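Let me begin by presenting the structure, written as structure tokens, before commenting on it.
The values are calculated or read from the model by the stated rules, or taken from the named source; none is laboratory data. No experiment lies behind these values; they were computed from the predicted model shown. Neighbour counts run over all protein chains shown; Cβ positions are idealised from the backbone, glycine included.
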Amino acid sequence: MALAAGMAPCPGAVHIMLYAVANEMIVPGFLLAAAMSLGIGLSICILGVGAILAGQTATRFMERAGGSRGLSVFRQTMNCTGAAFVTTVGLASFIALMDVPQS
């Protein structure tokens with residue numbers, strides 16, 4: 001999945017490179033696009049590691065506080081909450097797209 005997402009060019013990087021080529025500034029455009037890609041990659045990695053660490057911390061806390069029953073309830077609640085959040089964001093995006101007038 002990450003490979004498929006990485007194969008699609010970033011619209012921001014494409015915009016930067018088109019501007020750079022149009023103004024004959026290819027090296028600075030490449031450096032800007034590379035810096036933007038590095039920043040996005042680092043941000044995603046930091047958020048991913050933070051989410052994993054937060055999940056491990058919450059799991060340890062729940063194991064100490066309520067045993068396996070509390071952990072089971074916590075996991076089920078988090079799974080349902082995450083699914084509801086993703087569904088809500090997708091539905092809101094779809095509705096917003098449907099409201100855009102077609103030209």
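Scan the stretch 39-67 for residues that are more than 27 Å from A13 (Cα to Cα) and of a type in the set (V, I, T) and report the count.
3
Kindly provide the set of residues from the stretch 64-76 that are surrounded by 12 or more Cβ atoms within 10 Å (Cβ to Cβ) and either more than 31 Å from the chain's Cα centre (by Cα) or modelled with pLDDT of 75 or more (or both), ordered by number.
Once the filter is applied, which keeps residues that are surrounded by 12 or more Cβ atoms within 10 Å (Cβ to Cβ) and either more than 31 Å from the chain's Cα centre (by Cα) or modelled with pLDDT of 75 or more (or both), the stretch 64-76 yields G66, S72, V73, F74, R75.
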